[in-house]
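A.B. asks: Would you mind keeping the following structure in view while I ask a few things?
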Amino acid sequence: MTEPALPNRWRRFAEWDARPLRLDKFAREDPANGFSAFRSPADPKPGVGIEAGRIVSMDGVLAHDFDMIDAFIARHHLDPAIVPEAMAMESGQLARMLVDMNVPRADLVRLARGLTPAKLADVVSRLNALEIAFAYSRMRARKTPGNQAHVTNAKDDPLQLAADAATAVAYGFDEIETTMRVSRNAWSNAVACAVGAAVGRWGVLFQCSSEEAEELRIGMAGFTSYAETVSVYGTEKSFTDGDDTPWSKGFLAAAYASRGIKMRCTSGAGSELLMGFHEAKTLLYLEARCLCLQRGMGVQGTQNGGIDGAPLTATVPGGVRELMAENLLAVWLDLECASGNDARSSESEIRVGAKILPYLIAGSDLICSGFGSIPAYDNSFNPSLFNAEEMEDYLVLQRDFEADGGLTPLAEHRALDLRTRAVAAISAVLDELGLAEPTAAMQASVVVASGSAETRSFSPGEVAPMSEAIKARGITVIDVIRALARRGFIDEAENLLSVVKLRVSGDYLQTSAMVRGGRVISAINDPNDYCGPGSGYRMTEDRRQEINDIRDVLDQPEVLRAEAQFEKAEAGRVAYPATGVAQVGRAPDEVVIGISPAFGVKLYQTTAGHRLSDVLRVMTDAIAARGLRARVVRMRHTADTSFLGLTAARLSGSGIGIGIQAKGTAVIHAADRLPHNNLELFSNAPITTLDHYAGFGRNAAAYALGEAPEPVVVPTRGEAMGSRYHARVALIHAIETGLTADGAEPQEIDLRFLDAKTGQRP
């Protein structure tokens, strides 16, 4: 006889194989091939030489061997007056200063101007993840945190763009950013988002991510108010591969500023590795070079934290810590920081939630440099760390930690109103400018659509002629403002005009500037002054209440309102008249069922949704089926399940009783047992079925007959019962305990099941 083959694998691994995490792939640490976050033999040792006020060597490289990145950093980042003091400090000492709340931020920012890329990387690499998050919270430039959204769709549909921009603004995003599936649709996207962002309020800054020259033209036409996709790299080959130099990027930054457009650069770990020009240097060192370049260019800030390279960086050991560390470098260098969290770096929701948490609790100028306010499939930048699907998760995280992530819950009716208005406004503009005539059906499909898969509006090919016409005819933001005004969208015209005026004044060209309540706040008038408990950003009570106002929040009146809708129907099925104080039974064939104070009085369904009349019926029928009699007693001295059951058992002639609360938790007890040492317990009422209750009745009868039945087990699949039901359960239990009275005697109940039609006992 052949023996069955033994399993050759622990089945737990098969279960793990089915989890989303296993879709993530991981890279072995390999510094020679660029896969190293913090340590590589190729990284230079920190050092600097100065002669006659000039940098003559940096990080082990003599000036005549500098590549163009070294040369730019040496000339435009390093301050020779500070270098000797800063570079003489031991890296560990600087690391401790970053987490010492007694060291002023301004002192550290000053020292950073004298630190080389290798020194900066060496310092922050000495901090663990918790220390990096803490240092980030006190080193970011602006006190009040903000957030940024992606607004795109798979069709480049201007109606949907306007609607989604309006709702993103209502959720509280301070900046919105778009890009296209078809590059020539950039102008149409820009017009649509500019109009949508003007619905409801003004002040949200907007950028259209496109080819750099085209993006600048769109900005000069007045449609955009910031730019951040000006890429910077940490190796010379990466730069020249894109036909760029630090000087050309600096020139572009100056061009934006000259037109009153706020500007950040983009860099981040993994970009050089993706391009194949990593020089075997660590991710952190290369990003330190990028950030020193950006500070030298004089840009307002940076979008870093991996960005497109974040998924690759997250495959490397310590990669997520590295992303945090490079954000810390940015704020230490006094740059405004849009701290990544845009590219989805994992299929695991646990990894996604863990990645966002340090930024949420530490705060950031812009916590996400692109939260996908639209569904992941509509995100033309590729899925963000958080997308529309997880919007409410993010809102709840804010509430959980009482941390201001920059967003505010939005009521359903308000969202619909804004989308309707935005679609009407962009339709009017397209019609007024002779670009398109959206039909009512197209508009209606967009207003209620979650994403482009549900719309019957423009296709990318239909958008292209529109976009090219905007560009060819030289349509500017002023033309759009006039069109809005002529069609009666006065508020939207004024809101858009206010953003244009802002560009003229240039008030928001300060580090970490955003517009809140019609006022520019930045590192100048809202500096981060964190210096320990009670300082820095603290939510006001009004803001706290805003964040708390999420959907599906229960309170006791809401629970009672929900239960009240079942009261009348239950009154037609069952009656619980009391006949007097319950006495100790003598009959050995009885099983007493002790019901809780609110059972059938204020509460009418279990948490599984079973009518209480049905629960009692199946239990009493099961007891009767064994030839025994069920007797019902209402308790008012307690609402505790154990004591309901024990009291019932002690009143029962058989010594066996059942205790049951209105929410469905039930116990079989014996008169001679300790209160919490019952015979059987149903603790998971939300998944307890009527068959389970019938089994409970059978087993109670069996115990009364002296048998030893197999206990009824309610199987679970690991549901998070607490998170689903505990708020309601606690509120229900408070209703039960509110009806208790010290010393109240159990009441005998003449249980009557009624005919549903006549309301009489059958």
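The values are calculated or read from the model by the stated rules, or taken from the named source; none is laboratory data. Values in this document were obtained by computation on a predicted structure and should not be read as measured data. No Cβ is skipped: glycine too gets one built from the backbone with ideal geometry, and neighbour counts run over all protein chains shown. Note: areas computed on protein heavy atoms with side chains; ligands, DNA, RNA excluded. Shrake-Rupley method; radii C 1.70, N 1.55, O 1.52, S 1.80 Å.
A.B. asks: Have a look at ALA708, ALA741 and point out the one that is over 41 Å from the mean Cα position of the chain (by Cα), open to solvent by 90 Å² or more (accessible area, probe 1.4 Å) and among the hydrophobic types (A, V, I, L, M, F, W, C).
C.D. replies: Answer to the selection: ALA708.
A.B. asks: Please name all residue pairs, on different chains or six or more residues apart, with Cβ atoms under 6 Å, provided the first residue is in region 459-475 and is within 17 Å of GLY222 (Cα to Cα) and the second residue is aromatic (Phe, Trp, Tyr).
C.D. replies: SER467/TRP187; ILE470/TRP187; LYS471/TRP187
A.B. asks: While we're on this one: Kindly indicate whether GLY697 is out of contact with any strand residue (DSSP E or B) (no Cβ under 6 Å at 6 or more places or on another chain), under 23 Å from ALA575 (Cβ atoms) and without any contact (Cβ under 8 Å) to a residue 12 or more places away in the chain.
C.D. replies: Judged against the criteria, GLY697 is not a match.
A.B. asks: Next question. Considering only residues of region 528-537 that are surrounded by 14 or more Cβ atoms within 10 Å (Cβ to Cβ) and not hydroxyl-bearing (Ser, Thr, Tyr), which is nearest to PHE599 (Cα to Cα)?
C.D. replies: In this case the residue turns out to be GLY536.
A.B. asks: Given the residues GLU212, GLU236, which is the only one that is under 25 Å from SER339 (Cβ atoms), in contact (Cβ under 8 Å) with a residue 40 or more places away in the chain and either touching a Cys at 6+ places or on another chain (Cβ under 9 Å) or surrounded by fewer than 23 Cβ atoms within 10 Å (Cβ to Cβ) (or both)?
C.D. replies: So the residue among GLU212, GLU236 that is under 25 Å from SER339 (Cβ atoms), in contact (Cβ under 8 Å) with a residue 40 or more places away in the chain and either touching a Cys at 6+ places or on another chain (Cβ under 9 Å) or surrounded by fewer than 23 Cβ atoms within 10 Å (Cβ to Cβ) (or both) is GLU212.
A.B. asks: Mind checking which pairs have a first residue in region 118-129 that is under 16 Å from GLY318 (Cβ atoms) and a second that is among the charged types (D, E, K, R), Cβ under 7 Å, 6 or more apart or different chains?
C.D. replies: Partner pairs satisfying both residue conditions: ALA129/ARG321.
A.B. asks: Identify all residues within region 326-343 that are under 21 Å from the mean Cα position of the chain (by Cα), within 23 Å of PHE26 (Cα to Cα) and outside any loop (DSSP other than H, G, I, E, B); write none if there are none.
C.D. replies: Correct list: ASN327, ALA343.
A.B. asks: May I pose another question? Of the residues SER339, SER384, SER364, SER373, only one is touching a Leu at 6+ places or on another chain (Cβ under 9 Å) and of a type outside the set (A, V, I, L, M, F, W, C); which?
C.D. replies: None of the others qualify; the one that does is SER339.
A.B. asks: Within region 257-270, does at least one residue satisfy the condition of being touching a residue at least 24 places away in the same chain (Cβ under 8 Å), within 24 Å of GLU468 (Cα to Cα) and not small (Gly, Ala, Ser)?
C.D. replies: Yes: region 257-270 contains one or more residues that are touching a residue at least 24 places away in the same chain (Cβ under 8 Å), within 24 Å of GLU468 (Cα to Cα) and not small (Gly, Ala, Ser).
A.B. asks: Shifting gears a bit: Which numbered condition trips up LEU739, out of (1) assigned to a helix (DSSP H, G or I); (2) under 21 Å from ALA564 (Cα atoms); (3) not β-branched (Val, Ile, Thr)?
C.D. replies: (1)
A.B. asks: If a residue must be under 22 Å from TYR171 (Cα atoms) and either touching a residue at least 40 places away in the same chain (Cβ under 8 Å) or of a type outside the set (D, E, K, R) (or both), how many such residues does region 413-442 contain?
C.D. replies: Count: 13.
A.B. asks: Residues GLU546, GLU558, GLU590, GLU567: which one is among the acidic types (Asp, Glu) and either touching a Pro at 6+ places or on another chain (Cβ under 7 Å) or open to solvent by less than 50 Å² (accessible area, probe 1.4 Å) (or both)?
C.D. replies: Answer to the check: GLU590.
A.B. asks: Can you spot a residue in region 29-47 that is within 22 Å of LEU283 (Cβ to Cβ), out of contact with any His (no Cβ under 8 Å at 6 or more places or on another chain), outside any loop (DSSP other than H, G, I, E, B) and among the aliphatic types (A, V, I, L, M)?
C.D. replies: Yes, that holds for at least one residue.
A.B. asks: Of everything in region 18-44 that's in contact with a helix residue (DSSP H, G or I) (Cβ under 8 Å, 6 or more places away or on another chain) and of a type in the set (Asp, Glu), which residue is most open to solvent (accessible area, probe 1.4 Å)?
C.D. replies: Within region 18-44, the match that is most open to solvent (accessible area, probe 1.4 Å) is ASP43.
A.B. asks: How many residues are modelled with pLDDT of 95 or more and open to solvent by less than 60 Å² (accessible area, probe 1.4 Å) when one looks only at region 51-61?
C.D. replies: Number satisfying all stated conditions: 6.
A.B. asks: Which residues, taken from region 185-203, are farther than 24 Å from GLY434 by Cβ and open to solvent by less than 10 Å² (accessible area, probe 1.4 Å)?
C.D. replies: GLY203
Every residue, every condition in (1) surrounded by 23 or more Cβ atoms within 10 Å (Cβ to Cβ); (2) hydrophobic (A, V, I, L, M, F, W, C); (3) more than 11 Å from the chain's Cα centre (by Cα); (4) under 30 Å from LEU78 (Cα atoms), yes or no:
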position	(1), (2), (3), (4)
SER348	no, no, yes, no
ALA354	no, yes, no, no
LEU366	yes, yes, yes, yes
GLY370	yes, no, yes, no
ASN382	no, no, yes, no
ASP404	yes, no, yes, no
THR420	no, no, yes, no
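A.B. asks: Something else about it: Has region 278-290 got at least one residue that is open to solvent by 20 Å² or more (accessible area, probe 1.4 Å) and in contact with a Phe, Trp or Tyr (Cβ under 7 Å, 6 or more places away or on another chain)?
C.D. replies: No, the conditions are met nowhere in region 278-290.
A.B. asks: Related question: Whether any residue in region 552-560 is over 34 Å from the mean Cα position of the chain (by Cα) and either closer than 30 Å to GLN300 by Cα or touching a residue at least 24 places away in the same chain (Cβ under 8 Å) (or both) is what I want to check.
C.D. replies: No, region 552-560 has no match at all.
A.B. asks: Say we look at region 62-87 and pick out the residues that are under 25 Å from GLU322 (Cα atoms) and without any contact (Cβ under 8 Å) to a residue 24 or more places away in the chain; which of these is surrounded by the most Cβ atoms within 10 Å (Cβ to Cβ)?
C.D. replies: ALA74
A.B. asks: State yes or no: is LEU616 at pLDDT 95 or above, within 17 Å of TYR703 (Cβ to Cβ) and not basic (Lys, Arg)?
C.D. replies: No: the conditions fail for LEU616.
A.B. asks: Let me ask you something else. Say whether the condition of being over 26 Å from LEU651 (Cβ atoms), assigned to a helix (DSSP H, G or I) and either among the small types (Gly, Ala, Ser) or open to solvent by 30 Å² or more (accessible area, probe 1.4 Å) (or both) is met by at least one residue in region 688-697.
C.D. replies: Scanning region 688-697 turns up at least one residue that is over 26 Å from LEU651 (Cβ atoms), assigned to a helix (DSSP H, G or I) and either among the small types (Gly, Ala, Ser) or open to solvent by 30 Å² or more (accessible area, probe 1.4 Å) (or both).
A.B. asks: Being closer than 25 Å to LEU679 by Cβ, open to solvent by 60 Å² or more (accessible area, probe 1.4 Å) and at pLDDT below 95 is the filter here, so list the residues in region 714-738 that pass it.
C.D. replies: PRO715, THR716
A.B. asks: Which of the following residues is open to solvent by less than 10 Å² (accessible area, probe 1.4 Å), of a type in the set (A, V, I, L, M, F, W, C), in contact with a Lys or Arg (Cβ under 7 Å, 6 or more places away or on another chain) and within 18 Å of MET442 (Cβ to Cβ): ALA163, ALA154?
C.D. replies: That would be ALA163, the only listed residue that is open to solvent by less than 10 Å² (accessible area, probe 1.4 Å), of a type in the set (A, V, I, L, M, F, W, C), in contact with a Lys or Arg (Cβ under 7 Å, 6 or more places away or on another chain) and within 18 Å of MET442 (Cβ to Cβ).
A.B. asks: Can you name the residue in region 648-670 that is more than 19 Å from ARG636 (Cα to Cα) and not aliphatic (A, V, I, L, M) and is also surrounded by the fewest Cβ atoms within 10 Å (Cβ to Cβ) among such residues?
C.D. replies: Filtering first and then ranking leaves GLY653.
A.B. asks: Further question: Within 21 Å of GLU745 (Cα to Cα), free of Cβ contacts under 8 Å to residues at least 12 places away in the same chain and open to solvent by 10 Å² or more (accessible area, probe 1.4 Å) - does that describe any residue in region 628-639?
C.D. replies: no
A.B. asks: Continuing with the same structure: Could you list all residues from region 323-344 that are under 21 Å from ILE176 (Cα atoms), open to solvent by 10 Å² or more (accessible area, probe 1.4 Å) and of a type outside the set (Lys, Arg)?
C.D. replies: Scanning region 323-344 gives ASP342, ALA343.
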